[in-house]
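Please read the structure below before turning to the comments.
The values are calculated or read from the model by the stated rules, or taken from the named source; none is laboratory data. None of these values were measured; they are calculated from a predicted model. When we count neighbours, we look across all protein chains shown, and the Cβ atoms used for this are built from the backbone with ideal geometry, even at glycine. Ligands, DNA and RNA are stripped out before the accessible areas are found, and what is left, the full protein with its side chains, is counted by its heavy atoms. Shrake-Rupley method; radii C 1.70, N 1.55, O 1.52, S 1.80 Å.
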Amino acid sequence: MMKELFYFSGVLAFVIIFLVSVFAPTKGQTRIWLWSLLKICFFASLFYSWFTDNIVLKWILIEASTLFGALLISSSGTERSFHVGWKFLLINSYALGLAFLGIVILLFASTPLENLDFLTLKQGLVGQSGLLIETGILLTVYGYSGKLGLVPNHFWVGDTYAESPSQISSLIASFVPVSVVLAIRPLIQLEREINPHIINAANGFLFIGILTILYSTLILFSREDIRRISAKVALFHTGMLTLFLWLDVSDDVFYFLLATTVLVKLLVFLSMGILRMDAGKRNISQILEKSSLSHKALYMYLLALLVAFVFPLSPVFVLDLKVIEIAIKQKMFFLFLFPIVGAVFFFIALNKVLPLVRLPNRNFESGVYGILQTRLVFFWFSFLFTVMVGTYGLTYLMAEHIWKR
């Protein structure tokens, strides 16, 4: 059921992003239908990768999304956006090149295969050289981590989300991480069977995930740009994905995690776009110099941050409860630190944005009133659906505690 929920959430999120880009586009956006076609190609390549077990085809589809993503990033038409698009393309292609090298090593280490499905590859690796297999998995996982934007290959993340229209940022942040995680998961599960040592790709993946979480939290102190604050929210949640892969949670929890990632990042960037367009500025210090601000726009963004970390019916809150449950059952008490760090991140972000409440309230600016009202409708729909998913996850994943007599 959770797998179907993830697929539905993904399709719904894309439809919302697509409709916003068509009916409530960024101010000054031109050639909307051309960019809409590229959005469809971007999503279609990643969406198809969710269903294929062919390890090479999955890589090709993820690499194809890199090209489409680079073009979409440059859709603003500014010199800065072109530079960021090239940066995104080069870093992601380098990382995926390492991943492909790892896949080639795995295929070389395997016995001849009838097809390139992962299960067939797994059978072909039985009895083969352990060092070659471990090297192949390490290169593939590390390469894919660059596509995720984890430390030390995180340099494209902030610029990409800061210089792209909010719909493009939402598209990349929502769908790239879940697609890459789906490619990484079977590799980490395979390595657990053949390499029980402490030094392995799974532990290394968790390590760079923790570094990413700490980096995004610490660097948040110096951020005043609401676009870059949103980018750090996305980066934090991407880092959290590594924890659940390392824990090797059940399929239900895993697919609920993916649905959560898609929906939360949709909310964050959709609300950020509303606030950014209404304020006319992106730096908080510059917004504070304005005479007034629509509190509707501000409260939408605050609500999105709340859902992304501590809102009781949020899917993120359910996942935090699941981490605490695993910590208690398996006596891995260090896991308590992850929800705590999430709460710390939220309060830092809240401290950054909350001073905007002091500005006098007004309605949306007349020049963008129709666009923002349309986006507001899509935001509330997304919020309600996210809360419904969180409520369902709470009753389904935590059923033994809720219904226990």
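Where in segment 202-232 does the amide nitrogen come within less than 18 Å of the point 7 Å from the Cα of residue 248, taken along Cα to Cβ? Within reach of a label on residue 248, which here means backbone N under 18 Å from a point 7 Å along Cα→Cβ, segment 202-232 contributes 202-207. Taken as Cα centroids, segment 333-405 and segment 116-133 sit 43 Å apart, rounded to the nearest whole angstrom. Normalising the average separation of contacting C-alpha pairs (under 8 angstrom, six or more residues apart) by the number of residues puts the relative contact order of segment 29-248 at 20 percent.
Per-residue SASA remark: residue 388, around 130 Å² accessible (1.4 Å probe; ligands, DNA and RNA not included).
Fully extended, how many nm does the chain gain between residue 384 and residue 291 (0.36 nm per residue separation, minus their Cα-Cα distance)?
Stretched fully, the residue 384-residue 291 segment lengthens by 30.3 nm.
Scanning the chain for GluC sites (Glu not before Pro) in DSSP loops with at most 12 neighbouring Cβ atoms within 10 Å leaves 115-288 as the longest stretch between them. Let a ≥ b ≥ c be the square roots of the eigenvalues of the Cα gyration tensor of segment 29-248; is it rounded (a/c under 1.5), or, if not, prolate (a/b larger than b/c) or oblate? Oblate, because a/c is 1.5 or more while a/b does not exceed b/c. With R₀ set to 41 Å, the beta-carbon distance separating residue 331 from residue 366 gives a calculated FRET efficiency near 0.10. By the rule of a C-alpha distance below 14 Å, with chain neighbours fewer than 8 residues away ignored, the aspartates and glutamates paired with residue 3 are 251, 252.
Highest GNM mean-square fluctuation, the chain, Cα pairs closer than 10 Å: which of 309, 23, 14? Checking each option, the largest mean-square fluctuation is seen for 23.
Take every pair of alpha-carbon atoms less than 8 Å apart whose residues are at least six positions apart; their mean separation over the length of segment 257-391 yields a relative contact order of 39 percent. Here the chain is treated with +1 on each Lys and Arg Cβ and -1 on each Asp and Glu Cβ, and its dipole about the Cα centre works out to around 1220 debye.
With the cut-off at 1.5 for a/c, could you classify the chain from its C-alpha gyration tensor as rounded, prolate or oblate? Note, shape of the chain comes out prolate. For the chain, set up a Gaussian network in which alpha carbons nearer than 10 Å are linked by springs, and say which option among 178, 357, 253 fluctuates the most. Per the Cα network of the chain with a 10 Å cutoff, 357 tops the list.
The modelled label-to-label distance for the pair residue 222/residue 93, using points 7 Å beyond Cα in the direction of Cβ, is 3.0 nm. Note on segment 249-396: semi-axes of the ellipsoid equivalent to its C-alpha gyration tensor, largest first and rounded to whole Å, are 33, 18, 10. Solvent-accessible surface (1.4 Å probe) assigned to residue 154 amounts to roughly 20 Å². Taking all protein chains together, 324, 16 sort by accessible area into 324, 16, largest first [probe 1.4 Å].
Distance from the C-alpha centroid of segment 141-167 to that of segment 267-306: 23 Å, rounded to the whole angstrom.
Rounded to the nearest 20, the size of the Cβ-charge dipole of segment 29-248 about its Cα centre is 500 debye, with Lys and Arg at +1 and Asp and Glu at -1.
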